[in-house]
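To keep things clear, I will list the structure first and then write my remarks on it.
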Amino acid sequence: MEASLSYLKEMFQLADTDIRTYSPLTLAYIGDAIYELVVRTILVEKGNTQVNKLNQRANRLVKASAQSEMIEKLKPYLTEEEMAVFKRGRNAKSYTMAKNATMSDYRRATGFEALMGYLYLTEQWERMLELIKLGMTEEAKGEADGE
């Protein structure tokens with residue numbers, strides 16, 4: 001299988017769309033899914049374990065507060081373009097909010113998801129994975145430092 005979205009688009013006869021026309025909430029929609037897929041893949045590849053334990057571990061990483069913390073730690077590493085996508089997502093007017101999340105955490109998490117969606121749809125997968133790894137490393141470092 002080809003490692004690109006063009007294969008998927010060809011299979012399902014999807015037209016090319018200018019990514020800049022996508023709303024930030026649309027980018028966050030796909031970004032939420034791709035980030036969760038990456039997290040689940042990492043957890044599953046670490047070893048076979050009970051599904052409820054996998055789910056608990058995944059939920060700790062994908063909840064809005066965790067994504068909010070991650071993007072705050074990633075900000076110094078973002079390019080100008082990536083920061084602009086994040087800000088568009090963060091500032092988007094959403095009519096829903098995650099349960100157990102503050103409005104500011106939810107907005108930053110939406111910005112993070114928009115960035116993940118943008119990187120995925122523009123096929124910048126190495127950069128997306130690099131940021132996720134860096135964010136997880138920074139997260140683990142913060143926990144070790146008692147943050």
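The values are calculated or read from the model by the stated rules, or taken from the named source; none is laboratory data. Since we're looking at a predicted model, the values are computed, not measured. Heads up, the Cβs are rebuilt from the backbone with ideal geometry, glycines too, and the neighbour counts pull from every protein chain shown.
The set of residues in region 36-57 that are over 13 Å from the mean Cα position of the chain (by Cα) and closer than 24 Å to T96 by Cα comprises N55, Q56.
In summary, A101 fulfils each of the numbered conditions (1) part of a helix (DSSP H, G or I); (2) touching a helix residue (DSSP H, G or I) at 6+ places or on another chain (Cβ under 7 Å); (3) farther than 26 Å from D16 by Cβ; (4) hydrophobic (A, V, I, L, M, F, W, C) with the single exception of condition (1). Within region 73-89, take every residue that is touching a residue at least 60 places away in the same chain (Cβ under 8 Å) and of a type in the set (K, R) and give me the one that is nearest to S23 (Cα to Cα). In this case the residue turns out to be R88. In region 1-13, the residues that are among the aliphatic types (A, V, I, L, M) reach residues that are part of a loop (DSSP other than H, G, I, E, B) and at pLDDT 85 or above with C-beta atoms within less than 7 angstrom, at least six apart or across chains, in these pairs: L5/E123.
Within region 1-58, the residues that satisfy the criterion of being under 25 Å from F86 (Cβ atoms) and among the acidic types (D, E) are D16, D18, D32, E36. Within the option set A28, A114, A98, A33, being of a type outside the set (D, E, K, R), at pLDDT below 95 and either within 16 Å of the chain's Cα centre (by Cα) or on the phi > 0 side of the Ramachandran plot (or both) holds for one residue only, A98.
Residues in region 20-40 that are among the β-branched types (V, I, T) and over 19 Å from L131 (Cβ atoms): T21, T26. Go through region 1-95 and tell me which helices (runs of 4 or more DSSP H), entirely inside it, have 2 or more residues that are exposed (fewer than 13 other Cβ atoms within 10 Å of the Cβ). So the answer is 5-11, 24-45, 51-62, 80-91.
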